[in-house]
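S.K.: One structure coming up, written as structure tokens, with questions to follow.
The values are calculated or read from the model by the stated rules, or taken from the named source; none is laboratory data. The model shown is predicted, which means the values in this text are computed figures rather than measured ones. Methodologically, a virtual Cβ is constructed for each residue, glycine included, from the backbone with ideal geometry; neighbour enumeration extends over all protein chains shown. Remember, those area values only see protein heavy atoms, side chains included, never the ligands or the DNA or RNA. Shrake-Rupley method; radii C 1.70, N 1.55, O 1.52, S 1.80 Å.
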Amino acid sequence: MESIETINQNDFLEFYNSRSYNANYFNKDGSLNKNYNSFKTTGIIASIFEDHWDFTYKINKLDIDKFRPNADKEIHKTIDCFNKNLGCSLYECSNCHNIIFVGHTCKSRFCSSCGYKYKNNRVESIMQTAYNCNHRQIVFTIPEQLRNYFFYPFENRINILFKAVRNTIYSILNDSFKRNKKGVLKKYSSRVKYSSGFFAFLHTFGRDLKWNSHIHILIAELKLGNNGSCID
């Protein structure tokens with residue numbers, strides 16, 4: 001397959017419309033064909049948004065723009081992913097000269113298709129930077145009664161969760177609590193300060209799709225001391 005590098009608009013339209021396709025990117029008058037979907041069936045989630053988002057956004061615009069100002073932009077990107085409005089790349093077979101149009105993707109992490117690709121790229125990046133040792137997954141969550149406090153303002157409240165996770169891990173590695181002879185619980189800190197390598201990922205919804213901010217961490221089963229020591 002070789003891409004067509006240069007062709008003027010009129011020649012392109014004549015060349016394209018002379019062929020028979022179920023869904024052409026352009027109508028015969030040169031206008032955009034809204035039914036074109038680059039041979040890709042719109043996903044269920046994107047279809048739901050396409051059918052209902054404009055009305056939902058219209059009646060809830062003030063709240064949506066307040067709490068999630070980028071929601072309208074990201075959802076329309078998801079609706080248009082790999083079809084009509086985001087443009088496409090054109091390829092021609094050097095043997096039979098048939099052409100195919102491949103729609104551009106939206107690159108949004110909110111998109112179920114692009115988000116999956118982002119996840120795979122993220123995993124590959126983690127594998128290249130993680131310590132060469134066993135790792136464990138730990139989930140840090142918050143009581144149901146407190147979850148709404150982390151909804152707005154989102155950025156400031158979510159940072160509290162990440163800091164709490166970091167401080168908790170540091171405390172587990174370096175602090176211990178024992179009762180003295182009088183039965184009083186006392187904190188003891190390690191002279192050598194240890195730290196561990198971990199990756200933290202925020203999930204804002206639970207399996208029931210309700211708001212439930214929680215953090216998954218992938219932590220190395222070793223700890224590094226400020227004196228250069230390493231303990232598995």
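S.K.: In the set Lys182, Lys163, which member is closer than 24 Å to Gly225 by Cα and free of Cβ contacts under 8 Å to residues at least 40 places away in the same chain?
M.R.: Checking each option against the conditions leaves just Lys163.
S.K.: Name every residue in the range 71-96 that is among the polar types (S, T, N, Q) and open to solvent by 80 Å² or more (accessible area, probe 1.4 Å), in order of residue number.
M.R.: Asn85, Asn95 - these are the residues of the range 71-96 that are among the polar types (S, T, N, Q) and open to solvent by 80 Å² or more (accessible area, probe 1.4 Å).
S.K.: Another one. Return the pairs, sorted by first residue and then second, in which the second residue is modelled with pLDDT under 85 and of a type in the set (S, T, N, Q), the first residue lies in the range 40-61 and is more than 12 Å from Asp72 (Cα to Cα) and open to solvent by less than 60 Å² (accessible area, probe 1.4 Å), the beta carbons are less than 6 Å apart, and the residues are 6+ apart or on different chains.
M.R.: Gly43/Ser112
S.K.: Also, I was wondering about something else. What strands (runs of 3 or more DSSP E), lying completely within the range 124-229, carry at least 1 residues that are surrounded by 14 or more Cβ atoms within 10 Å (Cβ to Cβ)?
M.R.: Fully inside the range 124-229 and qualifying: 135-140, 198-205, 211-220, 223-225.
S.K.: Out of the helices (runs of 4 or more DSSP H) lying entirely within the range 1-97, which hold 2 or more residues that are at pLDDT 75 or above?
M.R.: Qualifying helices (runs of 4 or more DSSP H): 44-59, 61-67, 71-80.
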